[in-house]
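Student: Okay, here's the structure, questions in a sec.
The values are calculated or read from the model by the stated rules, or taken from the named source; none is laboratory data. None of the values given here were measured: they were computed from a predicted structure. Neighbour counts are summed over all protein chains in view; Cβ atoms, including those assigned to glycine, are modelled from backbone coordinates with ideal geometry.
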């Protein structure tokens, strides 16, 4: 487990917590998580089959964070994401078809096949981009928050980053600048204990909460695999930020189920780490809670069918979509004259 | 007509842009209350307020990274890096983020931002406060790079850079800040990518930019005394650069020298020489010769820096050599 963790998700009992969510609200969160999970499982298969080129980094096991945050953000809010950002994009409202077409390298993809998995962005949805550079999203979100502040949009900037980014210098600069200027920005650390192929406990010595405290930024560390806790906490923090309270830090303890990238044999990792996975997996946990709240298995089964149909359709649409043309891509380097 | 200093022209351009467009904001180290280490931003805080004119901590990576995020969210930030040398710390935000955003997101939007970078030696500032690193940026698809030499261009290129929808690297030679010129009261914006003929001539062409323009003009004066009429082209923009204007001049003079203060090896001059050797080969009656700084860090002591900086004598020698 990450050394900075105050919470051990593996000890949490599924369905034990009494959340504040209605069955409808929790079902919406569950649906978002399930969409991300099934999408990434499909991508894993497509990658293995050679239909997804390049590198992909899956967030399987971490969906509660994307879904929880997505449920409390508005369209005008902006997010900067990471290389493990599929869930963030979908939860912020990036169209599933445009997403699949991008990751599969099609002209009709949300970025016309220019970026792929590591660069999914949709400015119209406030998704400022996944990012291939660890930590690079932090100053981008800070700058976006500056624009919200100066333009008085009422919007909030959110940056997702992993615990692997804690050792990047821009974290410290970004915490300082956002505190100094009281910017409307939320720092969301998805702490899965791994910095690519190395345990973060061997890479970084300072708990994030203490770092935030040093900058005078309120910080909370939560069980990032409980979607209700994530949604409730994020909702409260975003509301405080929106009211002019300045930056907040939210550390979500979670677990990376897959390797750093698809195809990573993870020889550096003890398989025992994942043996109790079902107890901490955010999806069965939310399903148990739904059951407690009286949502029937039939409803969940219908949801599964519905989502698989959406993913099947998106996959087929991407397969049928045209491949990008080289000449047109060259025209996107600079803004055309007259625009 | 009125006499105007280069530094005031930049200041006026920033002020006029801020007055016209509320989305233009300015931030950087010591640029607000102190008015900037070279005075380029003096008075802007008083005129436009602390929301739009901000002192930042000494955090170059985040200054430029925040400019990227602000530009993606509806602002037009102009940020200053105190000395061009310090931009090494901010390269990710410029090279991997700003330069690529338009392309890698499929042309969804542009990143309208300006990064101001004071460069150049001659003031014994030493190896980490004197470098001319513009070739780094001209090498990156997605960036534009401008380097005004005249007072009028300082104004005109700053306005064009702020208006440009793409990220622009604005390179300002520190030795030019105090320069005075008579300029029209109503200065226009200057189109990015267009060179100008700073001195017409028929015998050889010197292509140059920034403070080296004045070195080239001095060399042209010397050569005029020898009966050699040199045409001097001030590039003004380095990316994109005015290939057509250089080729046109070469087609009249048939001799080409490229002069700049930056290190000669792998520099702007190498690109110009290589392109002209290709598309202008039939026009050439002599070798293309580059004049730039030697392949060493900028030295501190006056005698050393004097030896380092390309001077008019070296530029004149290069012209004589290509005419020989």
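Student: Considering only the range B:77-86, state which residues are touching a helix residue (DSSP H, G or I) at 6+ places or on another chain (Cβ under 7 Å) and crowded, with 23+ Cβ neighbours inside 10 Å.
Tutor: B:77, B:78, B:79
Student: Among the residues of the range A:32-46, how many are surrounded by 22 or more Cβ atoms within 10 Å (Cβ to Cβ) and over 22 Å from residue A:300 (Cα atoms)?
Tutor: Counting residues in the range A:32-46 that are surrounded by 22 or more Cβ atoms within 10 Å (Cβ to Cβ) and over 22 Å from residue A:300 (Cα atoms) gives 1.
Student: Go through (1) within 14 Å of chain B (Cβ to nearest Cβ); (2) within 30 Å of residue A:185 (Cα to Cα); (3) surrounded by 18 or more Cβ atoms within 10 Å (Cβ to Cβ) and name the single condition residue A:321 misses.
Tutor: Among (1) within 14 Å of chain B (Cβ to nearest Cβ); (2) within 30 Å of residue A:185 (Cα to Cα); (3) surrounded by 18 or more Cβ atoms within 10 Å (Cβ to Cβ), the lone unmet condition for residue A:321 is (2).
Student: Also, quick follow-up: Please tell me if residue B:252 is over 24 Å from residue B:137 (Cβ atoms) and either at pLDDT below 95 or assigned by TED's automatic domain parsing to the domain that holds residue B:229 (or both). Outline the logic, then answer.
Tutor: Numbers: over 24 Å from residue B:137 (Cβ atoms): yes; either at pLDDT below 95 or assigned by TED's automatic domain parsing to the domain that holds residue B:229 (or both): yes.
Yes.
Student: Can you spot a residue in the range B:181-192 that is on the phi > 0 side of the Ramachandran plot, within 14 Å of another protein chain (Cβ to nearest Cβ) and not in a helix (DSSP H, G or I)?
Tutor: No, that holds for no residue.
Student: Do you know which residues across the range B:24-54 are within 11 Å of another protein chain (Cβ to nearest Cβ) and assigned to a loop (DSSP other than H, G, I, E, B)?
Tutor: B:49, B:50, B:51, B:52
Yes/no per residue for (1) buried (at least 24 other Cβ atoms within 10 Å of the Cβ); (2) touching a residue at least 12 places away in the same chain (Cβ under 8 Å); (3) touching a strand residue (DSSP E or B) at 6+ places or on another chain (Cβ under 8 Å); (4) in a helix (DSSP H, G or I):
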position: B:89; (1), (2), (3), (4): no, yes, no, yes
position: B:92; (1), (2), (3), (4): no, yes, no, yes
position: B:100; (1), (2), (3), (4): no, yes, no, yes
position: B:103; (1), (2), (3), (4): no, yes, no, yes
position: B:106; (1), (2), (3), (4): yes, no, no, no
position: B:109; (1), (2), (3), (4): no, yes, no, no
position: B:117; (1), (2), (3), (4): yes, yes, yes, no
position: B:123; (1), (2), (3), (4): no, yes, no, no
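Student: Residue B:21 is checked against (1) more than 12 Å from every other protein chain (Cβ to nearest Cβ); (2) touching a strand residue (DSSP E or B) at 6+ places or on another chain (Cβ under 6 Å) and fails just one. What number does that condition carry?
Tutor: (2) is the only condition that residue B:21 fails.
Student: A further question follows. Please specify each residue of the range A:264-279 satisfying the condition of being closer than 21 Å to residue A:223 by Cβ and in a helix (DSSP H, G or I).
Tutor: Matches in the range A:264-279: A:272, A:273, A:274, A:277, A:278, A:279.
Student: Of everything in the range B:292-319, what is touching a helix residue (DSSP H, G or I) at 6+ places or on another chain (Cβ under 8 Å) and either in a loop (DSSP other than H, G, I, E, B) or under 17 Å from residue B:201 (Cβ atoms) (or both)? Give them in sequence order.
Tutor: Scanning the range B:292-319 gives B:294, B:296, B:298, B:299, B:310, B:311, B:312, B:315, B:316, B:319.
Student: Moving to a separate point now. Across the range B:55-74, which residue is farthest from the other protein chains (Cβ to nearest Cβ) among those that are surrounded by fewer than 24 Cβ atoms within 10 Å (Cβ to Cβ) and in a loop (DSSP other than H, G, I, E, B)?
Tutor: Filtering first and then ranking leaves B:58.
Student: Now, a different point. Please go through the range A:280-303 and give me each residue that is part of a helix (DSSP H, G or I) and either without any contact (Cβ under 8 Å) to a residue 24 or more places away in the chain or under 19 Å from residue A:59 (Cβ atoms) (or both), ordered by number.
Tutor: If the condition is that a residue be part of a helix (DSSP H, G or I) and either without any contact (Cβ under 8 Å) to a residue 24 or more places away in the chain or under 19 Å from residue A:59 (Cβ atoms) (or both), then A:280, A:282, A:283, A:284, A:285, A:286, A:287, A:297, A:298, A:301, A:302 are the ones that fit.
Student: With the requirement that a residue be crowded, with 19+ Cβ neighbours inside 10 Å and in a loop (DSSP other than H, G, I, E, B), what does the range B:204-227 give you?
Tutor: B:209, B:210, B:211
Student: Additional query: Return a yes/no flag: does the range A:320-336 have any residue that is touching a residue at least 24 places away in the same chain (Cβ under 8 Å), closer than 17 Å to residue B:142 by Cβ and touching a helix residue (DSSP H, G or I) at 6+ places or on another chain (Cβ under 7 Å). Give the steps one after another, and end with the answer.
Tutor: First, the residues of the range A:320-336 that are touching a residue at least 24 places away in the same chain (Cβ under 8 Å): A:321-325, A:328-329, A:332.
Among the residues that remain, those that are also closer than 17 Å to residue B:142 by Cβ are: A:328-329, A:332.
Applying the additional criterion that residues be touching a helix residue (DSSP H, G or I) at 6+ places or on another chain (Cβ under 7 Å) yields A:332.
Yes, because at least one residue in the range A:320-336 is touching a residue at least 24 places away in the same chain (Cβ under 8 Å), closer than 17 Å to residue B:142 by Cβ and touching a helix residue (DSSP H, G or I) at 6+ places or on another chain (Cβ under 7 Å).
Student: I would also like to ask the following. So which residues in the range A:107-146 are farther than 24 Å from residue A:333 by Cβ and at the interface with chain B (Cβ under 8 Å from one of its Cβ atoms), if there are any at all?
Tutor: Passing the criteria: A:138, A:141, A:142, A:145, A:146.
Student: From A:56, A:65, grab the single residue that is in contact (Cβ under 8 Å) with a residue 40 or more places away in the chain, surrounded by 21 or more Cβ atoms within 10 Å (Cβ to Cβ), away from chain B (no Cβ under 14 Å) and in contact with a strand residue (DSSP E or B) (Cβ under 7 Å, 6 or more places away or on another chain). Even if it seems obvious, please write down each step before you answer.
Tutor: Numbers: A:56 fails: in contact with a strand residue (DSSP E or B) (Cβ under 7 Å, 6 or more places away or on another chain).
A:65 is the lone residue from the list that is in contact (Cβ under 8 Å) with a residue 40 or more places away in the chain, surrounded by 21 or more Cβ atoms within 10 Å (Cβ to Cβ), away from chain B (no Cβ under 14 Å) and in contact with a strand residue (DSSP E or B) (Cβ under 7 Å, 6 or more places away or on another chain).
Student: Also, quick follow-up: Would you check if residue B:242 is outside the structural domain of residue B:153 (by TED's automatic domain parsing), touching a strand residue (DSSP E or B) at 6+ places or on another chain (Cβ under 6 Å), surrounded by 15 or more Cβ atoms within 10 Å (Cβ to Cβ) and within 20 Å of residue B:199 (Cβ to Cβ)?
Tutor: So residue B:242 fails the test.
Student: May I ask you to verify whether residue A:152 is more than 10 Å from chain B (Cβ to nearest Cβ) and over 20 Å from residue A:87 (Cα atoms)? Can you show your working first?
Tutor: Working: more than 10 Å from chain B (Cβ to nearest Cβ): no; over 20 Å from residue A:87 (Cα atoms): yes.
Against the criterion (more than 10 Å from chain B (Cβ to nearest Cβ) and over 20 Å from residue A:87 (Cα atoms)), residue A:152 does not qualify.
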